[in-house]
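Trainee: Sharing a structure below in C-alpha cells format, with a few things to ask.
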C-alpha cells in the first residue's frame, strides 16, 4: 500500500506523458470546429482535454498544470536563484518552453510566502495576547488626561495626511465644549493579559454602540469591537491586503524601470517580466528565512544580514546582465530605483495596515 502511494506521489514530479501525434486520429476542435491531428488546436490553441471526469482527476490535473512539478519547475528555480537576469533574457530569446511560466512561479511563491507568514504571525500574536501586562499608571486615579493640545498640534503637523477621527471619537468623550478627555482608566489599570485588556475595551465600545444612533458610527463601532474581540482578524486582513499589494507592485516596479531605461525604447512587457523574476527571487529568499524561523522560533542576525546583502547584490547583477549597461550605471540606477521603490513599498504597507484597522 505504501509503495502505491509513493508511486502516485512521484507522478506529480514527472512530466505528463502524451500520446505521440502520429498515433492520434484526426479530430475536430470543439471550440472553433477546425479539423486537425495533435494535442492543441493550431487554429485557436485550445488543448484537447476532456474535463467531464471525476473531481479527483480534475484536481490532480489542475495541480500538475498550475504548479508544474516537473523538470522545468526545478530547472527554473535553479536559474532564478543563481543566475540573475538569465530567465528574462531566455524568455525574450524565444527559449520559453524549457522553463516554467514566470507568472506561475510568482503566484506559487507568493502563495507559499503568505501561507508561512500567516503561521508566523498567528503564533507571534497568540504569544503577545497571552502575555501578562504589569500595572499601568496614568496621571490620575480615574485615568482622565486632557489631550486637546497634543491632538491639535498633531493634526496641525499632519494636515497633508488624510485622517479618520472616528476612532478618537470612540475612545475620547467630551467633558465640555472645549476639552476632550480620556476615560479609559479601568482598561489600563490592573493586572491582566493584553487579550483581557482588549476584551475590556470591547465592553466599553459595546456600551457606546447601544447609545449610538448614527449609522456610520455604529458601523465603525462594530468593526472596532470585532478587532478587540478577535485581533487575529485584523492580522489576517493585513496579510490579505499585502498579498493583493504584491501583485500591484509588479507593474509599479516595471514602470519605474521603464522610466529609467526610456532611452532603450524597450516595450513595457520586458520590464514587467524582469520585475516578476526579481520579485519571485525576493519571495523565494524570504521563504528560506521564514522556514527556519518557524522551526527554531527565532531568526539569527546572520539571516537578516544575509538578506540585506543578497537582495541588492542580486538585483544589481540582474540589471547588469539583462540591460547590458556598465557596472557603475547599474549600481547608480539601482540606488535611485531602490529609494523610489522602498518609498512606494512603505506607502503600500502603511495603507494596507490602516485598511486592516478600518481607519478608512
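The values are calculated or read from the model by the stated rules, or taken from the named source; none is laboratory data. The structure presented is a predicted model; accordingly, all values stated were derived computationally and were not measured. Note that we place each Cβ from the backbone using ideal geometry, even for glycine, and neighbour counts take in every protein chain shown.
Trainee: Out of all the residues in the range 14-39, which are outside any loop (DSSP other than H, G, I, E, B) and either at pLDDT below 75 or under 42 Å from the mean Cα position of the chain (by Cα) (or both)? Please lay out each step first, then the result.
Mentor: Residues of the range 14-39 that are outside any loop (DSSP other than H, G, I, E, B), as a first pass: 21-23, 27-28, 35-36.
Within the range 14-39, 21, 22, 23 meet the criteria.
Trainee: Which is in a helix (DSSP H, G or I), touching a helix residue (DSSP H, G or I) at 6+ places or on another chain (Cβ under 8 Å), free of Cβ contacts under 8 Å to residues at least 24 places away in the same chain and surrounded by fewer than 16 Cβ atoms within 10 Å (Cβ to Cβ), of 312, 292?
Mentor: Numbers: 312 fails: free of Cβ contacts under 8 Å to residues at least 24 places away in the same chain.
292 is the lone residue from the list that is in a helix (DSSP H, G or I), touching a helix residue (DSSP H, G or I) at 6+ places or on another chain (Cβ under 8 Å), free of Cβ contacts under 8 Å to residues at least 24 places away in the same chain and surrounded by fewer than 16 Cβ atoms within 10 Å (Cβ to Cβ).
Trainee: So, one more: Can you work out which of the residues in the range 72-106 that are part of a helix (DSSP H, G or I) and free of Cβ contacts under 8 Å to residues at least 24 places away in the same chain is farthest from residue 241 (Cα to Cα)?
Mentor: Initial filter on the range 72-106 (part of a helix (DSSP H, G or I)): 72-82, 86-92, 102-106.
If we keep only those that are free of Cβ contacts under 8 Å to residues at least 24 places away in the same chain too, we end up with 74, 78-79, 82, 90.
On the way: 74: 30, 78: 30, 79: 30, 82: 30, 90: 33 Å.
The residue in question is 90.
Trainee: Within the range 244-258, is even one residue exposed (fewer than 15 other Cβ atoms within 10 Å of the Cβ) and either part of a loop (DSSP other than H, G, I, E, B) or outside the structural domain of residue 101 (by TED's automatic domain parsing) (or both)?
Mentor: No, because not a single residue in the range 244-258 is exposed (fewer than 15 other Cβ atoms within 10 Å of the Cβ) and either part of a loop (DSSP other than H, G, I, E, B) or outside the structural domain of residue 101 (by TED's automatic domain parsing) (or both).
Trainee: Sort out which residues of the range 322-360 are assigned to a helix (DSSP H, G or I), more than 20 Å from residue 276 (Cβ to Cβ) and at pLDDT 90 or above, and write them in order of number.
Mentor: 327, 328, 329, 331, 332, 335, 336, 339, 343, 346, 347
Trainee: State whether the residues of the range 266-276 include one that is surrounded by fewer than 17 Cβ atoms within 10 Å (Cβ to Cβ), part of a loop (DSSP other than H, G, I, E, B), at pLDDT 80 or above and assigned by TED's automatic domain parsing to the domain that holds residue 100. Quick ask: steps written out before the conclusion?
Mentor: Initially, the range 266-276 is screened for residues surrounded by fewer than 17 Cβ atoms within 10 Å (Cβ to Cβ), giving 266-269.
When the remaining residues are screened for being part of a loop (DSSP other than H, G, I, E, B), the result is 266-267.
Filter once more, so that each one left must be at pLDDT 80 or above: 266-267.
Still in the list and also assigned by TED's automatic domain parsing to the domain that holds residue 100: 266-267.
Yes, there is a match, as at least one residue in the range 266-276 is surrounded by fewer than 17 Cβ atoms within 10 Å (Cβ to Cβ), part of a loop (DSSP other than H, G, I, E, B), at pLDDT 80 or above and assigned by TED's automatic domain parsing to the domain that holds residue 100.
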